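Chemist: Structure incoming, see below.
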Amino acid sequence: MERTASMARGSRLSLATRWAACAVLTWVAGCERPAAPVPNAAATGEWRTFEGSWSATGTRQFVDLGPDRRVSTFRLTGSLLLSGEKRLGVGFRAQVMGLSDPRTGMVGRCVWTDERGDQIYSELKGDAVGSGTRIEGTIVGGSGRYTGVTGDYTFRWQSVVDSENDEVSGRVVDLKGRVRTGLVAQAGKVNP
């Protein structure tokens with residue numbers, strides 16, 4: 001019985017010693033210098049490339065300018081998903097408004113809004129909106145973490161479907177572009 005009590009005290013002592021050693025090691029590890037911060041994915045002035053897909057729905061209104069000319073205004077909203085190692089973000093809500101004329105082409109303005117509410121602004125131009133139409137976008141700025149962003153992109157409407165009540169839907173393919181972040185992003189105030 002005396003031996004059992006002695007073994008129990010030894011076990012307790014070794015357990016207490018183990019806890020103390022573990023506490024000291026944890027404290028020492030916590031006092032080490034923090035790891036160096038990870039540098040921004042893109043250096044100042046470096047172009048970042050991206051690809052993506054975009055599906056949108058909205059409204060389209062027409063006016064006839066003679067027998068062979070039907071002009072429309074449109075407003076579309078949808079999901080824009082980007083891919084690429086140094087893309088600006090993954091998902092955006094994209095809104096676009098524009099004017100489409102078979103003689104003069106299409107002009108529009110687009111806003112991409114991320115999950116934080118920060119936005120990227122662009123201007124669009126190309127042929128009149130329709131299936132197979134190629135569109136060019138010029139990124140002209142942004143808000144929040146996209147302040148000062150510039151760039152360009154292109155895409156092609158794979159399908160544009162007009163339905164009753166002036167509703168329209170479309171799907172974009174071959175969305176490719178590049179961006180250069182602004183000085184605010186490069187100063188570390190932004191997490192690209």
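FYI, it's all coordinate maths here, none of it is from the lab. This one's a predicted model, so the numbers in the text were calculated from it and none came from an experiment. Reconstructed Cβ throughout: ideal geometry from the backbone, glycine too, with neighbour counts over all protein chains shown.
Chemist: Could you give the length gained on full extension between V173 and D101, defined as 0.36 nm per residue of separation minus the Cα-Cα distance, in nm?
Modeler: Here the segment from V173 to D101 would lengthen by 23.7 nm.
Chemist: Oh, and also: Among the GluC sites (Glu not before Pro) in the stretch 39-131, which ones are in a DSSP loop with at most 10 other Cβ atoms within 10 Å of the Cβ? Mind listing them?
Modeler: Qualifying residues, ordered by number: E85, E115.
Chemist: I've got another one for you. For the stretch 73-108, which trypsin sites (Lys or Arg not before Pro) are in a loop by DSSP, counting at most 15 other Cβ atoms within 10 Å?
Modeler: Sparse-neighbourhood loop trypsin sites (Lys or Arg not before Pro): R103.
Chemist: Along the Cα-to-C-beta direction of D127, a point sits 7 Å from the Cα; which residues of the stretch 149-174 have their amide N less than 14 Å from that point?
Modeler: Under cut-off, by backbone N: 155-160.
Chemist: Taking neighbour Cβ counts within 10 Å as the exposure measure, how do D127, D174, D118 sort from fewest upward?
Modeler: D174, D127, D118
Chemist: In what sequence do Y153, Y146 fall when counting other Cβ within 10 Å, fewest first?
Modeler: Placing the least packed residue first, the sequence is Y153, Y146.
Chemist: Quick one: order M97, M106 by neighbouring beta-carbon count within 10 Å, fewest to most.
Modeler: M97, M106
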